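Single-structure report; data block below.
The values are calculated or read from the model by the stated rules, or taken from the named source; none is laboratory data. Predicted model only: the values in this text are computed from it and were never measured. Ideal geometry is used to build each Cβ from the backbone, glycine not excepted, and the neighbour counts take in all protein chains shown.
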Amino acid sequence: MTTDEREAVDRDRADDAGRADADRADAELARRLTATARAVPGVVDVFDARPLLEAAVEVVAARLVDDEHRDLVLVDRQEGRLAVTAHVATDLAASTPEVLARAAADLRTAVSEAGAAGPGTDVAVTVRAQLIEPAVGPAGGAAG
């Protein structure tokens, strides 16, 4: 193997390690953002925002981990852009547009506080209501 080939292999390994670190950081950010979305008043539940097939495969794997700590919010990082997508259920008694706006603002704040978007990075936050239902309290009855 020539010196140039060895340097190329070393660069590829370093690139792979950098991508793995970025993937782990994005997964941690997604878990943080999932917790943030769950904490928004009027949000009843958070659903997986990934494409259906990818999410279905993850459901099987999720049976092995604590569902509360799954990353349901999608974090997609591309050159100069960070896209955050959350799918939520909102409380029937709350104004869905207000809940979605509050959730988007809280997610944007969490991204900023985490330092996840570097200078010049465009941050796009999308929150979509997948379901509107009555909130259920801890004993199984309606909350309130």
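Among the residues of the range 67-75, are any surrounded by fewer than 17 Cβ atoms within 10 Å (Cβ to Cβ) and either modelled with pLDDT of 95 or more or more than 17 Å from the chain's Cα centre (by Cα) (or both)? No, every residue in the range 67-75 fails to be surrounded by fewer than 17 Cβ atoms within 10 Å (Cβ to Cβ) and either modelled with pLDDT of 95 or more or more than 17 Å from the chain's Cα centre (by Cα) (or both). For the range 91-107, a residue qualifies if it is buried (at least 17 other Cβ atoms within 10 Å of the Cβ) and without any contact (Cβ under 8 Å) to a residue 40 or more places away in the chain, and the qualifying residues are L100, A104. Does D15 satisfy being modelled with pLDDT under 95, closer than 17 Å to V127 by Cβ and surrounded by 10 or more Cβ atoms within 10 Å (Cβ to Cβ)? No; evaluated as a whole, the condition is false for this residue. Of all residues in the range 108-128, those satisfying the criterion of being surrounded by 18 or more Cβ atoms within 10 Å (Cβ to Cβ) and assigned to a strand (DSSP E or B) are V125, V127. Pairing each residue of the range 74-88 that is free of Cβ contacts under 8 Å to residues at least 40 places away in the same chain with any residue that is of a type in the set (D, E, K, R), provided the two are 6+ apart or on different chains, yields C-beta distances under 9 Å for D76/D26. The numbered conditions (1) modelled with pLDDT under 95; (2) assigned to a strand (DSSP E or B) are all true for A86 except (1). Just to be sure before I move on: is E54 charged (D, E, K, R) and modelled with pLDDT under 95 in the structure I sent? Yes: the conditions hold for E54.
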